[in-house]
Amino acid sequence: MFLAAAHSSVRILRHVSDPSARAGLRGHCNSPIAGYSTTEPDGRLGLRAMVFSRGGSKCAHARLWSETRNDPGALGSRVAAELLRQGARDIIDGILH
């Protein structure tokens, strides 16, 4: 029972980091935004995310790890900020919706 509960809470934490990143990017339904979250052996979350143009000629890529074990929203926000620093806003704005 404990393992099932622990597994569920890790899954919930991982699923919070991805939406936080997408919300920070303010994408639309046609925005090519990809995200993949992992749990490291030490319990920290990892989040890899990309924003890319339709043809793939432009992209922004970030891969960061949580600073604490229980703050997936902050991780998602940090990833979004890194993608925006790399020009994700221009890429997203260049896609028709």
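7 Å from Cα along Cα→Cβ at both Glu67 and Tyr36: what's the point-to-point distance in nm?
A separation of 2.7 nm, rounded to one decimal place.
Note down the net charge around Asn30, summing +1 for each Lys or Arg and -1 for each Asp or Glu among other residues with Cβ under 14 Å from its Cβ. Please report the intermediate quantities before stating the final value.
Details: positive: Arg22, Arg26, Arg54; negative: Asp93.
So the environment of Asn30 carries a net charge of +2.
Go through region 64-73 residue by residue and turn each phi into a ³J(HN,Hα) via Karplus (6.51, -1.76, 1.60, θ = phi - 60°); whole Hz please, and just put x for glycine and proline.
Values, residue by residue: 10, 10, 5, 7, 10, 7, 10, 9, x, x Hz.
Skipping prolines and chain starts, which residues have an amide H placed within reach, meaning under 5 Å, of the one on Gly27, given they are 5 or more residues away or on another chain?
Sorted by chain and number, the residues that satisfy this come to none at all.
We did not get these values from a lab; they are worked out from the coordinates using the rules stated. Predicted model only: the values in this text are computed from it and were never measured. For neighbour counting, all protein chains shown are included, and Cβ atoms are generated from backbone atoms with ideal geometry for every residue, glycine included.
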